Each structure stands twice: as C-alpha cells, then as structure tokens.
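Following: one structure in structure tokens, then a few remarks.
The values are calculated or read from the model by the stated rules, or taken from the named source; none is laboratory data. All values derive from a computational prediction rather than experimental measurement. Backbone-built Cβ (ideal geometry, glycine too); neighbour counts: all protein chains shown.
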Amino acid sequence: MNSKSTLIWLGLALVLAAVIFGLEKFGQVPVVVPVSLLADLKPAAVTSMQVTLGDGTALRAERSNDVWQLTSPIAYPAQVASIEGLLDVLEHLTPATIIPPTEVRQRPNADEEFGFVNPSATLTLLSGKGRRLLMKIGARTAPGDQVYVQVVGVEGVYVMDADLLRALPRKLDDWRDTALINLNGLVFDQLTVSNATAVLELQFDPAQTLWQLTRPVAARANNARLYESLQKLQTLRVTRFVTDDPKADADAFGLQTPALELTFAQRTNVATRLQFGKSPTNDSTLVFARRAGFATIVTVPRNLLEPWQGAFNQFREPHLVALGTNVTQLEIRSAEPFTLQRHPTNGWRVVGQELPVDAGLVEDLIAALNRLEIVQFKDSITEPDLPTYGLTNPVRQIVVSAAGAGTNNGVDVVLATLTFGGTNAGNIFVRRADENPVYAVPWADFQRLPVAAWQLRARPLWNFASGDVTRIVVQQGDRRRELLHAGTNAWVLAPGSSGALNGVLMAAIEETTHRFGNLAATAWAGRGEEDRARLGMGASGLGLTFELKTGAKYQIEFGGKSPENYPYATVKLDGQTWVFEASLALYELALYCLAPPPSVP
C-alpha cells in the first residue's frame, strides 16, 4: 500500500469517527454549512423576479433584451440597481446556521414558529431555462439580528443574517426607476419642443452630424445648448411618485395643457413624450410630470427644465459661422480687396502680393469670424428687404473656402459667403449666402476684422545680436544722446551726451538692446506717412537708432497711444513706413535706460 492510499483511508476513518461521535452524543449527523445557499443561481440568467411583501403586495419585474421593467402592480421602468443588487445578495447568500430536516420535522408547528405561514417576504425567481426558485423569508430570530429562510423544495431551515432584509424592497417605489427618461437607450432623430412661447421642431442631419431646426423656420440649431439640455434631462430624477391612477385629473396637475412638452421620434414613429405641468402648491422648485404610455404622475426639479423653456431664437445657433481647421482660402472684398491662400506647408500667402503673412494673424482672423455672435434675427427676407439692411451695396464681403474632396475632384468648396451691410444701434447687419435670414452682429467685433492685407503682415521686424551693436543714438524732442558699446554690459556716453551710467544701468541698457534686437509688432495699425502722422508720430517722440558693426542701421520711432494704451511705433520696411502697436514693457524700459535725461534749466 502506497502513502497516497494510506492518507485517503486515514481521512475516511476520521470522517467516520466524527459521524459516530455525533450520533452517539447528539443523535444526529453534524451539519456542514454550504459556502453559498444558492450556489447554482446565475443572476444573468434570471428573466423574472417577484417579491411578495407581508401585506400581500406583489412586485414583479421582468427582463427583456437586458432591460428590466416593472410589470406588477403597475407597468413602469424598473430600478435596475436595486433589482440586480438583490440578485447579487442572493447569489452570495451564506447561511449562518442550518436547522436540519430531522429537527424541523420534530417541531409540530415549525411553519408558525419560523414565520413561514405569513412570511415577511416571498421571492420567486424564473430563469431562461424554465427553472423556478421560491424562497420564503420568515421571522427574525430571538436576538433579532438573524432571520429564518426556507427554499421551497429543499428540506431544512436556514438562519441568515438579517442584512438580507435591507436588500428587499419595502414598497413599490423602491423598485421604480427614478430617472424620468433614459436617453442612452432611446433611438430618435426628431425632437419637438412645445413651451409657453414656441413650438419648434428639430431634425438630426446625419451627413453633418448636427441638429437642424425645421419649424417654424429652417435654421441652424444651437447644438451646444441642445446637447447640454439633453444631458440635464438625462440627469432629471423623480422626487416623488404622486399617483398611478389613470383617471387622475390631469388639469389639476397642469398636464391637460402642459406648460412644456418634449416629443422624441424616429422618423414618423413617436419613441416617447414627456409632459411637464405646474408646481405643487407647497413647492415652486418642483413641477408635475408624466411620461407617455404611463399613468404615473411624478414631481421633478424645475431648474433642470429651464433650458427648454426659451423662445425659438434661443434654440438657434448663436454664431454666424463655425469654421474648422480645413479652411484653405479667405477672400476679403473691401476697399482694398485681397485673397489669402494656404500653402501646402500650412503657411499662408496673399495672392498677387509679395507680403510675408503672419500665420498666427490669419488663424486669429478665422477665430474672430467664429466668435461673431448673432444678437438679432430677421427672418423671411425677400429681395425688396435688402436695401433696408444696407445689403445691396455691402461694405464688405468675406468668402471662406475649404479644399474639396470626393465628388468635387479637389476643387475648393465655399464654406460661407458673408455680406456685411448697414449699421444700427451698435450692430452691423450681415447675411449668409446659403441662408435666408439677415443677422445683426456687434459692430465692435466687426471692426476687429482686417480690411487690408497689410494688417496680416508677419510681425517679426528684424533680428540682430546685442553684441553686434556699436552705437545707439537716442533722440527725444530737442534732446539727444549717444551710447557707445564698450563690451558686454559696458557702455559709455559719447562726447556731448548728458547723464551718468553705472553698473546697474549699463546692464539694463544691454538687456534693452537685446530685446530690441528681436523686435516684433504686437499688431499692425497703419502704413505710409499719412498713418504715421495720424497716429501721433512727431518731433517730440522717442526715436532710437541701433548702429551695427556692419554699418547697418535699425531705426524705430515711438508716438501716441492706442485705445488699449499700447504705444504706437514706426519702422521702415522695404522702403515703406509701417505703424504698429509695440510692447508697452519694452517702451517703458527704453524710457528708463535710453532716453536722454531732462534738460536742466
């Protein structure tokens, strides 16, 4: 006999000894408590569950296509978390003690004693394979922290922890879904909104993946607002189930003629409808509501419905355009017309002009167009209406195009043609060529759009190293001084120049020279001598000339201030005068360490 066989026989002998000991001492075989009472229960296979409460109320929920629905005592969407939570508790249910069948049979009133004649709850579970499980939950044990449980068809009584009772529903509302609607499982492509001020319809356009307004007029919808409103609707929770009576007086709840009605449809088939009425007399923060197909009337928070209460125009897209990153051409038709085209390398050029273009300023232009917000809508426009809005002789027109693809064979596609006309009350009227209405946008925002190509010139002006500078000539009115470069952080005053230099000041002059060596415009303000005079350039302004070892000279002159308090400055580029807004910090640094000291009387 090998050692493995010896161990097996020894184990059997120990089990037999334990049985004999139990029979001799207790007259019964010791009970082996199972790990799980319902080890064979598979929650995912359960298709129906009914809990009959002690008062006889039967709550039944059925699962179809992985969706739980209450079917008794009323039909209503079920609280999935509560039902599946109970199934999870049942799956892992572990008895604390088992009262064996022999002992149960020895008790003549066992059913009354354990509370199974009028159980506190009875559970009935059906699975997809036709399996039926019936469980009775009886009375609590004397200490009250445990409860007796009986599985019908299985002999014996189980003593379970009373925590099981907390997983059971106590009333119908415990198993009702508190979400008024589940949009995640709802298929719809049409939405009708009826409120106190408007009746409007929206249609989803799969080609553009956007919602469009179709009633009362065709218009672009405010998709951002719509999705935010739908998200709030998704989070709407029932605060109280008021009544399930199908004969309830709808007018008493303001639901006969709802203050707000939302209808969700797929093509011509209504998927669901939500109705919202008046507030309870004791709480104006709530409103009565019901869902089509259910007699139940509930209360929900009013504030989450506010986005749906707006007038028609509040559901319209508030921006004139929504341009993406695919823009390839911008044509500006104005007093100085020009066309911008994107390079294959993602740069930009002005067609027909040798002008270096600042790609950042072009992107700013596109962003500014996207920011143009509509403040007025004028619908049902006809040709005779156009002169009223100054659109027969527009002040400017902007045509935006993108690279074509597919059926367009690479030909550019016009994204938007914007025609700007007359002004009124701080706004300017504008019309899109592809839409009927006339819109009004703020005049101040329109003024920020460039009117000429030169406004988009590359902003870096020049580049030189401070170590290459030999002299700085400073002129301010009738005062003049010259600073000679004697090495890094070393400067001396030329003969006839006033003032005094120390180590701190010479270091500041070095840093200022370095910054001027990488000069860039903040924004272009004008070009030519006319703009130079208009923007405050004159004899009293600060003028700087940086002379290099090569003999090259770089000159800049400061003048007046812009409305945003930036100093205007001029430079010569390609033989032409350019005026721009300069860095305020750099200008103040130049005044501190370069400007001639005031004349001493």
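The number of residues in the range 284-333 being assigned to a loop (DSSP other than H, G, I, E, B), of a type in the set (A, V, I, L, M, F, W, C) and closer than 19 Å to Y76 by Cβ comes to 3. Give me the residue from the range 320-331 that is out of contact with any helix residue (DSSP H, G or I) (no Cβ under 8 Å at 6 or more places or on another chain) and among the β-branched types (V, I, T) and, out of that set, surrounded by the fewest Cβ atoms within 10 Å (Cβ to Cβ). Taking the candidates together, the pick is T325.
Can you tell me which residue within the range 44-62, out of those that are small (G, A, S) and in a loop (DSSP other than H, G, I, E, B), is surrounded by the fewest Cβ atoms within 10 Å (Cβ to Cβ)? Going through the qualifying residues, I end up with G56. The requirement of being in contact with an Asp or Glu (Cβ under 7 Å, 6 or more places away or on another chain) and either under 30 Å from A453 (Cα atoms) or in a strand (DSSP E or B) (or both) is not satisfied by T272. Residues that are outside any loop (DSSP other than H, G, I, E, B), over 32 Å from the mean Cα position of the chain (by Cα) and surrounded by fewer than 18 Cβ atoms within 10 Å (Cβ to Cβ) within the range 431-463 comprise just one, P460. Could you tell me whether any residue of the range 135-154 is of a type in the set (K, R), farther than 30 Å from I297 by Cα and surrounded by 14 or more Cβ atoms within 10 Å (Cβ to Cβ)? The answer is yes; a qualifying residue exists.
Evaluated against (1) touching a Phe, Trp or Tyr at 6+ places or on another chain (Cβ under 8 Å); (2) basic (K, R); (3) in contact (Cβ under 8 Å) with a residue 60 or more places away in the chain, R291 falls short on exactly one condition, (1).
Note on the range 468-524: no enclosed strands (runs of 3 or more DSSP E) hold 2 or more residues that are outside the structural domain of Y568 (by TED's automatic domain parsing). As for the range 300-317, it holds no residue that is over 25 Å from the mean Cα position of the chain (by Cα) and either modelled with pLDDT under 95 or not acidic (D, E) (or both).
Filtered by the rule that a residue be of a type in the set (S, T, N, Q) and either surrounded by 12 or more Cβ atoms within 10 Å (Cβ to Cβ) or closer than 24 Å to G310 by Cβ (or both), the range 248-269 gives Q256, T257, T263, Q266.
Collect the residues in the range 196-209 that are of a type in the set (A, V, I, L, M) and modelled with pLDDT of 95 or more, keeping them in residue-number order. Across the range 196-209, the qualifying residues are V199, L200, L202. Check whether at least one residue in the range 540-551 is surrounded by fewer than 18 Cβ atoms within 10 Å (Cβ to Cβ), in the same structural domain as L589 (by TED's automatic domain parsing) and of a type in the set (D, E), and report yes or no. Checked the range 540-551: no residue is surrounded by fewer than 18 Cβ atoms within 10 Å (Cβ to Cβ), in the same structural domain as L589 (by TED's automatic domain parsing) and of a type in the set (D, E). Considering every residue within the range 583-592, establish whether at least one is among the polar types (S, T, N, Q) and part of a loop (DSSP other than H, G, I, E, B). Yes, some residue in the range 583-592 is among the polar types (S, T, N, Q) and part of a loop (DSSP other than H, G, I, E, B).
Conditions tested, residue by residue: (1) touching a residue at least 24 places away in the same chain (Cβ under 8 Å); (2) on the phi > 0 side of the Ramachandran plot; (3) within 33 Å of the chain's Cα centre (by Cα).
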{"position": "F338", "(1), (2), (3)": "yes, no, no"}
{"position": "R342", "(1), (2), (3)": "no, no, yes"}
{"position": "E363", "(1), (2), (3)": "no, no, yes"}
{"position": "R371", "(1), (2), (3)": "yes, no, yes"}
{"position": "V375", "(1), (2), (3)": "yes, no, yes"}
{"position": "I381", "(1), (2), (3)": "yes, no, no"}
{"position": "P384", "(1), (2), (3)": "no, no, no"}
{"position": "V400", "(1), (2), (3)": "yes, no, yes"}
{"position": "F429", "(1), (2), (3)": "yes, no, yes"}
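Exactly one residue among A367, A416, A433 is without any contact (Cβ under 8 Å) to a residue 12 or more places away in the chain and closer than 22 Å to R220 by Cα, and that residue is A367. Among the conditions (1) farther than 30 Å from E383 by Cβ; (2) touching a Ser or Thr at 6+ places or on another chain (Cβ under 7 Å), the only one that V430 does not satisfy is (1).
Within the range 164-216, the set of residues being among the β-branched types (V, I, T), without any contact (Cβ under 8 Å) to a residue 60 or more places away in the chain and either surrounded by 13 or more Cβ atoms within 10 Å (Cβ to Cβ) or not assigned by TED's automatic domain parsing to the domain that holds A259 (or both) comprises T214 only. Identify, please: which residue in the range 223-247 is touching a strand residue (DSSP E or B) at 6+ places or on another chain (Cβ under 6 Å) and of a type outside the set (V, I, T) and is, among those, surrounded by the most Cβ atoms within 10 Å (Cβ to Cβ)? The residue in question is L226. F241 meets the conditions (1) in a strand (DSSP E or B); (2) within 22 Å of the chain's Cα centre (by Cα) in every case but one. The failed one is (2).
Report yes if V375 is modelled with pLDDT of 95 or more and within 23 Å of T325 (Cα to Cα), otherwise no.
Against the criterion (modelled with pLDDT of 95 or more and within 23 Å of T325 (Cα to Cα)), V375 does not qualify.
Close contacts from the range 474-497, counting a first residue that is without any contact (Cβ under 8 Å) to a residue 40 or more places away in the chain and over 18 Å from Y554 (Cβ atoms) and a second that is surrounded by 15 or more Cβ atoms within 10 Å (Cβ to Cβ) and polar (S, T, N, Q), with Cβ to Cβ under 9 Å and a gap of 6+ residues or different chains, come to T488/S466.
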